[in-house]
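Quick notes on the structure that follows.
The values are calculated or read from the model by the stated rules, or taken from the named source; none is laboratory data. Given the structure is predicted, the values throughout are model-derived calculations rather than measurements. Ideal geometry is used to build each Cβ from the backbone, glycine not excepted, and the neighbour counts take in all protein chains shown.
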Amino acid sequence: MSAQPRSDAEPRSDTGPLIEAKSLSRVFGHGANTVRAVDDVSFTLGRQEVVSIVGESGSGKSTLARLVLRLLDPTAGTLHLSGRDVTSLKGRDLQAYWRDVQAVFQDPFSSFNQFFTVRRLLNRSLRLAAAGSAERGETLMAQALDHVGLSGDVLDKWPHQLSGGQRQRVMIARALMLQPRILVADEATSMLDASLRANILNVLADLRRDYDMTILFITHDIGQACYVSDRVLVMSQGQVVEQGPTDEVIFNPRHEYTQRLLADVPRLHENILD
Ligand SMILES: Nc1ncnc2c1ncn2[C@@H]1O[C@H](COP(=O)(O)OP(=O)(O)OP(=O)(O)O)[C@@H](O)[C@H]1O
């Protein structure tokens, strides 16, 4: 299935990065309780790039993801999408942004309304997609499910009738229906067992090829980051301490923190499947 051209009237730069974050910061709390969750972080996401943000628990990965998703306002810094400043979007403009930038989170069960069948869940998202006719909606749904390897049978299932891997694939299908340009996957494979994890990583990798999609993959596991991504950003205490092409970061880590993360994963490739 090929990506549908998007019809937004907004002028955009087609030569620069898709996403550009400049000096993004997010502070929580006050006084002695101040936490600099994201501290002066700059990076870009190129078209069709898969970029991972990796770091230990509390390093600021999810906060950075929420800033990129515009679920959280930065305390300082700017965010551009295709050259357009999206740092302070509100209302309908923000809704339009969410058509371009979609997310898949760690625990697909908690993202589901337990009283909704898969069909109802997907139908609600189709409203955001402004899919038009019911027929077009059905087609988008079937294509998205097919893409993640699920049949139409799941449409009438309830969340508790699906396995963890199936639930996560439904959530990816939901994001796909909106045909976003960017998918933010925040610990999307963390709760899955090894074989399902590899399966979802491969589904994500296919999205770039089949949908021209850009993926921001957030993980605490540098092994998974290396498996899926072109570039890796390493976060520690709210800051990006190292970033570069995946091979460079793995084979020539410059920062002591990266070296430590790598030392914890002696067999990078096998670790994905262990
Ligand atoms: N809403 C909030 N209020 C106060 N502090 C917060 C809030 N959200 C995050 N933090 C703090 O910001 C820091 C970064 O948290 P964040 O969740 O971004 O890290 P993380 O790398 O994603 O960790 P994990 O992998 O455990 O989810 C932590 O110290 C966390 O306690």
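Taking the stretch 183-199 as the search range and keeping residues that are of a type in the set (A, V, I, L, M, F, W, C) and crowded, with 22+ Cβ neighbours inside 10 Å, which one is farthest from the ligand (Cβ to nearest atom)?
Step by step, filter the stretch 183-199, then rank; the result is Leu183.
How about the stretch 73-87: which of its residues are among the hydroxyl-bearing types (Ser, Thr, Tyr) and either assigned to a helix (DSSP H, G or I) or away from the ligand (no atom under 16 Å from the Cβ) (or both)?
Thr78, Ser82, Thr87
Between residues in the stretch 31-42 that are farther than 14 Å from Leu64 by Cβ and residues that are assigned to a strand (DSSP E or B) and near the ligand (Cβ under 10 Å from one of its atoms), which pairs lie under 7 Å by C-beta distance while being six or more apart or on different chains?
Thr34/Val27
Please go through the stretch 154-170 and give me each residue that is touching a residue at least 40 places away in the same chain (Cβ under 8 Å), surrounded by 13 or more Cβ atoms within 10 Å (Cβ to Cβ) and in a helix (DSSP H, G or I), ordered by number.
Passing the criteria: Pro159, Gly164, Arg167, Gln168, Val170.
Taking the criterion of being in a loop (DSSP other than H, G, I, E, B), more than 16 Å from the ligand (Cβ to nearest atom) and surrounded by fewer than 17 Cβ atoms within 10 Å (Cβ to Cβ), would at least one residue in the stretch 218-239 satisfy it?
So far as the stretch 218-239 goes, yes, one or more of its residues are in a loop (DSSP other than H, G, I, E, B), more than 16 Å from the ligand (Cβ to nearest atom) and surrounded by fewer than 17 Cβ atoms within 10 Å (Cβ to Cβ).
Only one of (1) assigned to a helix (DSSP H, G or I); (2) at pLDDT below 85 is not met by Gln179, so which one is it?
Only one criterion in (1) assigned to a helix (DSSP H, G or I); (2) at pLDDT below 85 is unmet by Gln179, namely (1).
If you take the residues of the stretch 11-45 that are among the acidic types (Asp, Glu) and away from the ligand (no atom under 16 Å from the Cβ), which of them is nearest to the chain's Cα centre (by Cα)?
Glu20
So if I check each of Arg174, Arg208, which one is modelled with pLDDT under 95 and surrounded by 22 or more Cβ atoms within 10 Å (Cβ to Cβ)?
The match here is Arg174.
I'm trying to understand the selection: among the residues of the stretch 46-72, which are outside any loop (DSSP other than H, G, I, E, B) and within 8 Å of the ligand (Cβ to nearest atom)?
Answer for the stretch 46-72, where residues must be outside any loop (DSSP other than H, G, I, E, B) and within 8 Å of the ligand (Cβ to nearest atom): Lys61, Ser62, Thr63, Leu64, Ala65, Arg66.
I'm checking my understanding of the structure. Among residues of the stretch 171-205 that are of a type in the set (Asp, Glu) and touching a residue at least 60 places away in the same chain (Cβ under 8 Å), which one is farthest from Gly46 (Cα to Cα)?
Glu187
Just the residues that are under 16 Å from Leu121 (Cα atoms) and surrounded by fewer than 20 Cβ atoms within 10 Å (Cβ to Cβ), please, taken from the stretch 132-141.
Ala134, Gly137, Glu138, Thr139
Would you confirm whether or not the stretch 142-153 contains a residue that is free of Cβ contacts under 8 Å to residues at least 40 places away in the same chain, of a type in the set (S, T, N, Q), surrounded by 15 or more Cβ atoms within 10 Å (Cβ to Cβ) and under 28 Å from Ala194 (Cβ atoms)?
no
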